[in-house]
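Enquirer: Pasting a structure below so you can have a look.
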Amino acid sequence: MTLQELREKSMKLPLSPGVYIMKNKDDHIIYIGKAKALKNRVSQYFGSDKSHPEKVRRMVQNVDHFDYILCSSEFEALVLECSLIKQHQPKYNILLKDDKGYSYIRISKEPWPRISFEMQKKDDNADYLGPFMSAWYAKNAVDEAQKIFRLPSCSKQFPRDIGKGRPCLNYHINQCSAPCAGKISRDQYCKSVRDAVEFLKTGGADSVRLMTEKMNAAAENLEFELAAKLRDRINAVRRITEKQQVVAANIPEQDCIALMSEGDDCCFAVLRFENGRLYDKEDFLIKDIGADADLSSLRREFISQYYSMRRKIPPVVTIDGDVENEELLSDWLSEKLGKKVHFHHPKKGEQMRILEMSRKNAAERLAQSHGHLGHELSALDELKTLLGLSKLPEFIESYDISNLAGTENVAGMVVFRNGRPYKDSYRRFRIKSFVGQDDYASMNEVLTRRFEEYFKNKDSGEGFGRLPDLILLDGGKGQVSAVRPVLEQFGLDIPLFGMVKDGSHRTRAITDEGREISITSKRKAFTLVSTIQDEVHRFAIGYHRTARKNKALRSTLTGIRGIGTERAKALLTTFKTIKRIKEADVEELMNVKGMTRPAAEAVYQYYRTHGSDNTD
C-alpha cells in the first residue's frame, strides 16, 4: 500500500481500544502497539512525519499493510500487546533478550576442594548449591566466600602445585591462606571450605551468629588463637555485607530502574532488592532508538516487556522519569502480582541514592559500548539534569577572551566531546572589529564569526559545520547577555550559560541571564565544568602569550631589512635570546638556516647601531 492508502485505511478504524500490527511487504510483523482509540493512534503514523522520532519514520517507511485486534479496554490491549511482542519480537519494538538461565555454586570433591561459579550443573560427582536465578548473585556469593574464608581463586591445583612458588598478592592482603606455599595444612583448609559452604547455605546473618557462638566458646576454653581467627572472619563477613548493602532500602522488596541515553542508543539498568539487600543486577543495551526518542514511551515499552519475562514482580518499582500510561502499567503489574504495585519517583533521600546507583550502572554499560568511561557519561547526565537540557550534551563548546590592557585581544574556543577534550576542534580567534578592551563585544564578535562559519560549512557536519549541544562562556551574566543576541540573530536554539568563578579564581556556579545555579554540591558536574573552564582559560591565555611574543618579534628582528618571520624564528631557535643574537658575529649569523650574508650583515649592523635596545 502507498502512504495515502495506509492513511485512508487508518481513518476507517474504530475509536475503540485495541492492538495494531504493522507488517512489511513480506508479511513480517515489524511493530506491535496498543491504543486507547485505534483510529487516532494509527492515523498519526501516516500523516505528517515532522513530529515523528527518527525510529518511527524508519518504521513507517517499511510498513506495507497493517492488521488490528479490537479489545474491550485499554488494559486488555496492554496485556495483549505484551503477549504478542513476546511471541513475535518485532524489529521496531524494544528487543529484550531473556537470558535468565539457572546458575550454580560448585564444591569439588578432591583432597583440596574448590568452590566455583558454574552456569550448568555437570555430572562430575561434585556437590552443587542452587539453582540460582541470578547469575550475578551467585558470582558475588562465591567471591564473598573466597575472600572471607581466605580460599584461593587462582587456577593452581593442589597438592600438585604446593611449594612451587611464592604466595601471590592475595595472601599479603589477607584474602588467601596460600596453600600453594604451604601456609595452611590440609585439615585447616578443608575446615575453611566447610565453613564457607555453611556461609553460602545460611547467609551472612546466620553465619555471623554461629561464628560468634564458636568464638565465645573458644575464648572461654582459652583457645585464643582460634577465637581471634573467628573474630577476623566475623569482621570480614560484616565488611562484605556492608559493601553489598551500599544503600539499605527501607522498603523490603523493590526494583529500581534507570535509563541512560546517548546518541541513538540507550541502556536500562535494573537493581533488584529483597529484604533491604541487593540480590540481582541486570542491564539492557538497546541500539538505534534514535536521538529524539520519547523517553516516557521508551520506559513504558521496556517495563511492559521486562515484566513479561519475569515471574517475580515487586510491590514497588522505583523509576527515574516519566512513564507513558503509568497508571495502566501499575494496574497490569498489580493483576500479575495479586496485590497493588505502584511506581515511585524519588527526589531525595535514600531512594534517590538507590536510583543514582542504578543510573551509574546504566552509564557504565552504555559508556563501555561507545568506547569511553562511565564517570564521563554520569557527569554529562548530571549536568543535563542540573541545567534542564533536553538531551545529553555530547558536544560542549566553551569560549574565553584574553588580553593585556586591551592589547593583543584574542579568544580561545575549546570543545569537549562526551566529557573529554576534543582538540581537533579547538579554534583560536584574533579580535578584528575594534581596538581596546571590551570583553562583551569581543565575545559577541567571536560567536558571530563562529556561526557565520557554521552556515558556510553545515553540509560537512564537521568542525564549524556542526552545532554544539551546549555553550559555556568563561564569565557571568554580562557575557551571556552579549552572546544571546547572536543566537537569536541566526535563529539558533542552543543552551547558553556562563561559568562564574569565586575570589580564588575557582569555579563557583553556572549562570544564565536571570539566575545562578550552584554546582558545588554536584560533584561530577562540578568537576567537568571546572575542567572545561580551566582548559578554555589555559588555551586562550596560551594564544595571547604567543600573540604578544610574535608582536615583540615583529617589533625587533622583523624590523631589520631582509629579516622576515621565518628568519627571525630561526635566529631565536638557534641563539635563544636577542642578547646572544646581538653578540654574534657575521659568520655565526650566517650559519643559521635560511640566512644569507646580506641578511647576516644587516642584523650585525642593526645591533651595533641600536645596541641599547631589546637586551632580554
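Enquirer: Per the Kirkwood definition applied to all pairs of different Cα atoms, how many angstroms is the hydrodynamic radius of the range 313-420?
Expert: 17.3
Enquirer: Going by the alpha-carbon gyration tensor, a ≥ b ≥ c the square roots of its eigenvalues, is the range 388-550 rounded (a/c under 1.5) or, if a/c is not under 1.5, prolate (a/b greater than b/c) versus oblate? Numbers along the way, then the final one.
Expert: Details: a/c = 1.38, a/b = 1.09, b/c = 1.27.
Since a/c stays below 1.5, the shape of the range 388-550 is classed as rounded.
Enquirer: Looking at the square roots a ≥ b ≥ c of the eigenvalues of the Cα gyration tensor of the range 1-137, which shape do they give, rounded for a/c under 1.5, prolate if a/b is larger than b/c, or oblate?
Expert: prolate
Enquirer: Restricting the count to DSSP beta bridges whose residues both fall in the chain, what percent are antiparallel, rounded to a multiple of 5?
Expert: Bridges in the chain that DSSP calls antiparallel: roughly 80 percent.
Enquirer: While we're looking at this one, here's another question. Work out how much length residue 87 to residue 61 would gain on full extension: take 0.36 nm times their residue separation and subtract the Cα-Cα distance, in nm to one decimal.
Expert: 7.0 nm
Enquirer: Continuing with this model, one more query. How big is the gap, in Å, between the Cα center of the range 465-535 and the Cα center of the range 4-32?
Expert: 47
Enquirer: Also, I was wondering about something else. Could you go through the range 30-39 in sequence order and give the Karplus-derived ³J(HN,Hα) for each residue, using 6.51 cos²θ - 1.76 cosθ + 1.60 with θ = phi - 60°, rounded to whole Hz, and x for Gly and Pro?
Expert: So the J values, rounded to whole Hz, are 10, 7, 10, x, 10, 9, 6, 9, 4, 4.
Enquirer: Here is a further query. What is the fewest-to-most order of 537, 88 by other Cβ atoms lying within 10 Å of their Cβ?
Expert: Going from sparsest to densest Cβ surroundings: 88, 537.
Enquirer: Ok, one more. Looking at this model, which pairs from 91/384; 348/501; 50/391; 39/91; 55/348 are more than 25 angstrom apart at the alpha-carbon?
Expert: Long pairs (Cα-Cα over 25 Å): 91/384; 348/501; 55/348.
Enquirer: Still on this structure, please answer the following. Under a point spin-label approximation (7 Å from Cα along Cα-to-Cβ), what is the residue 183-residue 576 distance to one decimal in nm?
Expert: With each label placed 7 Å out from Cα toward Cβ, I get 5.4 nm.
Enquirer: A further question follows. Please name whichever of 94, 162, 490 sits farthest to the positive end of the charge dipole of the chain, dipole taken about the Cα centre and charges placed at Cβ: Lys and Arg +1, Asp and Glu -1.
Expert: The listed residue farthest towards the positive side: 162.
Enquirer: Which of the peptides 538-544, 568-574 is most tightly packed, and how do the rest follow, going by the mean number of other Cβ atoms within 10 Å of each residue?
Expert: On the way: 538-544: 18.9, 568-574: 17.1.
In decreasing order of mean packing, 538-544, 568-574 become 538-544, 568-574.
Enquirer: Exactly which trypsin sites (Lys or Arg not before Pro) in the range 437-536 are in a DSSP loop and have at most 14 other Cβ atoms within 10 Å? Show your work: numbers first, answer last.
Expert: Working: sites: 449, 450, 456, 458, 466, 477, 501, 506, 508, 515, 522, 523, 524; in loops: 458, 466, 506, 515, 522.
Filter output for the range 437-536: 458, 506, 515.
Enquirer: Between the DSSP loop rule and a limit of at most 16 other Cβ atoms within 10 Å, which GluC sites (Glu not before Pro) in the range 261-355 are left?
Expert: 324
Enquirer: Mind giving me the FRET efficiency for residue 213 and residue 340? R0 is 45 Å, r the Cβ-Cβ distance, nearest 0.05 is fine.
Expert: Plugging the Cβ-Cβ distance into 1/(1 + (r/R0)^6) gives 0.60.
Enquirer: Read phi for every residue in the range 139-146 and hand back ³J(HN,Hα) as whole Hz from Karplus 6.51 cos²θ - 1.76 cosθ + 1.60, θ = phi - 60°, with x for Gly and Pro.
Expert: Computed from phi, the couplings for the range 139-146 are 4, 5, 5, 4, 4, 4, 4, 5 Hz.
Enquirer: Would you list which aspartates and glutamates come within 20 Å of residue 25, measuring only between C-alpha atoms, while excluding same-chain residues fewer than 8 positions from it?
Expert: 5, 8, 64, 67
Enquirer: Using a 10 Å cut-off on Cβ atoms, rank the peptides 415-423, 146-154 from the highest mean neighbour count down. Kindly include the intermediate steps, with their values, before the conclusion.
Expert: Details: 415-423: 18.2, 146-154: 20.2.
Result, highest mean Cβ count within 10 Å first: 146-154, 415-423.
Enquirer: Would you mind ranking 26, 49 so that the residue whose beta carbon has the fewest other beta carbons within 10 Å leads the list?
Expert: Listed from fewest to most nearby Cβ atoms, that is 26, 49.
Enquirer: Follow-up. Apply the a/c threshold of 1.5 to the C-alpha gyration tensor of the range 111-244 and tell me whether it is rounded, prolate or oblate.
Expert: It is oblate, given that a/c is not under 1.5 and a/b is not larger than b/c.
Enquirer: Related question: Anything over 18 Å Cα to Cα? Flag those among 281/339; 23/86; 109/191, in the order listed.
Expert: Cα-Cα > 18 Å for 281/339; rest within.
Enquirer: How many nm separate the modelled label positions at residue 440 and residue 198, each set 7 Å beyond the Cα in the direction of the Cβ?
Expert: Each label point lies 7 Å from its Cα, and together they span 7.8 nm.
Enquirer: Of 588, 408, how do they rank once you tally other Cβ atoms within 10 Å and put the fewest first?
Expert: 588, 408
Enquirer: Please compute the length gained on full extension between residue 455 and residue 520, using 0.36 nm multiplied by the number of residues separating them and subtracting their Cα-Cα distance.
Expert: In short, 19.7 nm is gained.
Enquirer: Given points 7 Å out from each Cα along the Cα-Cβ axis, report the residue 561 to residue 502 separation in nanometres with one decimal.
Expert: 6.1
Every read-out reported here was derived from the displayed coordinates using simple, explicitly stated rules and does not represent laboratory data. What you are looking at is a predicted structure, and each value in this text was computed from that prediction instead of being measured. Methodologically, a virtual Cβ is constructed for each residue, glycine included, from the backbone with ideal geometry; neighbour enumeration extends over all protein chains shown.
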